[in-house]
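Worksheet for the structure shown next.
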Amino acid sequence: MNGWAWTALGLHLGWAGFAFGIRAAVQRRRTGDAGFRGISGRPGEAAWWAGVLFVAALLGGAAAPVAALAGVSSLDGGAALHGVGLAVALAGMALTTVAQMAMGASWRVGVDAGERTALVTSGVFAHVRNPVFTAMAVTALGLGLMVPNLIAGAALVALVAAVQLQVRVVEEPYLASLHGDEYAAYSAGTGRFLPGVGRRTT
């Protein structure tokens, strides 16, 4: 089990470092702006909770394998479950990279309501409106299967809650206000997190 926990910890730290640190460095080099906008909303508001839960999910994702290494009880699904988790995690990481790169200059962490960015509708965004978040959830699921304990489960729940709040409360209203009819048409024909699922009707 320790080998899987070490692998999960290394993958989580490497994925987080690449998805945020290296991606931000690339963004700064290309555009002069790292793309970080921080947590939206005031403390206690839904948008604020989205940011807090996202941070909690990232920390929990690292804490789960650390807890496993410390001897905290985990489900033992055998090598098959851990292997499936590894495959799912690697697929999620690859999709995260593809989706982030597809955003180009519009890539951001957080939202600045006064900022104008281009609406990205090509590549993976032609099929799903939020492929980065979908990829992150897939990655978290895979890492959780590699070290299936309560902390990993809580981290996955926190991530899903954070993503739902961020998309529905922060990003969709922002994009609808910014892009008007263009976003309305795009969101009516494209799924929120999965192809064809969650298309907006209003």
Answer residue from the stretch 80-127, given it is among the aliphatic types (A, V, I, L, M), touching a Phe, Trp or Tyr at 6+ places or on another chain (Cβ under 9 Å) and within 19 Å of LEU150 (Cα to Cα) and is surrounded by the fewest Cβ atoms within 10 Å (Cβ to Cβ) among those: LEU86
Which numbered condition LEU194 fails, given (1) touching a residue at least 40 places away in the same chain (Cβ under 8 Å); (2) in contact with a helix residue (DSSP H, G or I) (Cβ under 9 Å, 6 or more places away or on another chain); (3) closer than 26 Å to GLU45 by Cα: (3)
Scan of the stretch 148-197 for residues that are farther than 17 Å from VAL120 by Cα and among the charged types (D, E, K, R), ordered by number: ARG168
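If we keep just the residues of the stretch 183-202 that are among the hydroxyl-bearing types (Ser, Thr, Tyr) and outside any loop (DSSP other than H, G, I, E, B), which is farthest from VAL169 (Cα to Cα)?
Filtering the stretch 183-202 for residues among the hydroxyl-bearing types (Ser, Thr, Tyr) gives 183, 186-187, 190, 201-202.
Retained after the next criterion (residues that are outside any loop (DSSP other than H, G, I, E, B)): 183, 186-187.
Numbers: TYR183: 16, TYR186: 18, SER187: 15 Å.
Only one residue tops the list, namely TYR186.
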Selection count, the stretch 10-48, where residues are in contact (Cβ under 8 Å) with a residue 40 or more places away in the chain, within 17 Å of the chain's Cα centre (by Cα) and in a helix (DSSP H, G or I): 11
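Taken together, the values in this text are just the output of simple stated rules run on the coordinates, not laboratory data. From a predicted model like this one, the values you see are computed outputs, not experimental measurements. We place every Cβ from the backbone using ideal geometry, glycine too, and count neighbours over all the protein chains shown.
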